[in-house]
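Asker: Could you have a look at this structure, given as structure tokens, before my questions?
Coordinate-derived values only; no laboratory data. Owing to the predicted nature of the structure, the values given are computational and were not obtained by experimental measurement. Using ideal geometry, Cβ is built from the backbone for each residue, glycine included, and neighbour counts are taken over all protein chains shown.
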Amino acid sequence: MTNTVKDGNVYVPYEKRKGNESIVYFTRDVSAAGIKKAYEKVCGNIVGKVAVKLHTGEKNGPNFTPASWVKEVFETCDSLKDATIIETNTYYEGDRDTTEKHLETLKVNGWTFCPVDIIDAEGTLDLPVKNGNWFDHMTVGKNLVNYDSMFTLTHFKGHTMGGFGGSNKNIGIGCADAHIGKKMIHSREGEGQWSVDEEELMEKISESTKATIDYFGKNVTYVNVMRNMSVSCDCEGLAAEPVVTPNVGILSSTDICALDTACVDLIHALTDNDKKALWERMQSRHGFRQLSYMKQLGMGNDKYILIDLDNDECIITAKDAVKDVKPFKRIEIV
């Protein structure tokens, strides 16, 4: 293993990127209908027994993607009618650090309309990390391999340690088991529980994600919901920082690197005032290394063609996508 790249926290403007392009879809419709619209563009390989990886949130958290929206998507998308939400217990103390507490939190937050599999509740297994710098394997919840496909439905937001939480963080932390995998990512041997940060953390998250998406191969897809984007993760629940970033839209792709990169690009394209808090969080935590390292590992492209689902599927830029964004106003869920 070699040392991490210490200058990896660099935002590269689109015009300076090299390589192939992937397709990313975009809609301004921040709703259950918007999730369905984005998902149906990328769900061709979601077959068989389907796992849906999403962040179900701490008790009464204000910002995670509403359970009522996900319920509607499940009921109206044929490939999701028998889907199972998957989660793992948490490494930190809270409402979800044991299976018993986690099950109660799921009920409080409304995740009662379909099966929810806490995939590490009954044990773990190791998945290989191919060409990793830090790991040769990642320990995940053992029930992960009970599924044929995975739909990654991510609430895109800031993160206290990761800078931002997109599909990469949702999978890399969210599929690693509570006691072994998450410890491998967050802690160095013989050091404290949260001793890993900055580029090293971003790289370890990405290698963990690679283990899972390599397992599913072509049978994995991604949707990011850019709504209620606090600088805090949903794991902070009611203690999350107030949202000041405007809602942007919903994006989807079969390329995890392109999708998370496009979301970062959309934040960058906002006005200085609208993006200030979230952009500072990404920079200060070295979050951009998530993007460059995913590309380095061959997990996808950082160039993409952005397709506007609201306007005859024309090709647009990030600036086009956010030009009519309104100042933040919380969407109330009835």
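Asker: Under a crude label model (7 Å from the Cα following the beta-carbon direction), how far is Lys142 from Lys218 in nanometres?
Answerer: Those two pseudo-labels are separated by 3.2 nm.
Asker: Cβ under 15 Å from Asn146's Cβ, Asn146 left aside: what net charge do those residues give with Lys, Arg +1 and Asp, Glu -1?
Answerer: Neighbour charge sum, excluding Asn146 itself: -4.
Asker: Still on this model: Using a ≥ b ≥ c from the Cα gyration tensor of segment 209-327 (square roots of the eigenvalues), is it rounded, prolate or oblate, where a/c under 1.5 gives rounded and otherwise the larger of a/b and b/c decides, a/b for prolate?
Answerer: Taking the square roots of the gyration eigenvalues as a ≥ b ≥ c, segment 209-327 is oblate.
Asker: Using helices alone, what [θ] at 222 nm do you get for the chain, with -39,500 (n - 2.57) per DSSP H run of 4 or more residues, divided over all residues and rounded to the nearest 500?
Answerer: Numbers: 10 runs with 99 residues, N = 334.
Only helices count here, giving -8500 deg cm²/dmol.
Asker: What's the local net charge at Tyr92, with K and R +1, D and E -1, over the other residues with C-beta under 15 Å away?
Answerer: Result for the local shell: -4.
Asker: Taking the Cα centroid of segment 274-293 and of segment 186-252, what is the distance between the two, rounded to the nearest whole Å?
Answerer: When both Cα centres are located, 12 Å separates them.
Asker: Evaluate E = 1/(1 + (r/R0)^6) for Ser31 and Ala239, where r is the Cβ-Cβ distance and R0 equals 41 Å; express this FRET efficiency to the nearest 0.05.
Answerer: The pair Ser31/Ala239 has a calculated efficiency of 0.95.
Asker: Using 0.36 nm times the number of residues separating Trp194 and Glu21, minus their current alpha carbon distance, what extension gain do you get?
Answerer: Here the answer is 58.7 nm.
Asker: Counting only DSSP beta bridges with both residues in the chain, tell me the antiparallel percent, nearest 5.
Answerer: So the antiparallel bridges in the chain amount to around 50 percent.
Asker: Can you list the trypsin sites (Lys or Arg not before Pro) in segment 20-57 that are in a DSSP coil and have 16 or fewer other beta carbons within 10 angstrom?
Answerer: Answer in residue order: Lys49.
Asker: For Thr271 and Asn131, compute 0.36 nm times the residue count separating them, minus their Cα-Cα distance, and round to one decimal in nm. Can you show the working numbers first?
Answerer: Working: separation 140, 0.36 × 140 = 50.40 nm, distance 3.88 nm.
In short, 46.5 nm is gained.
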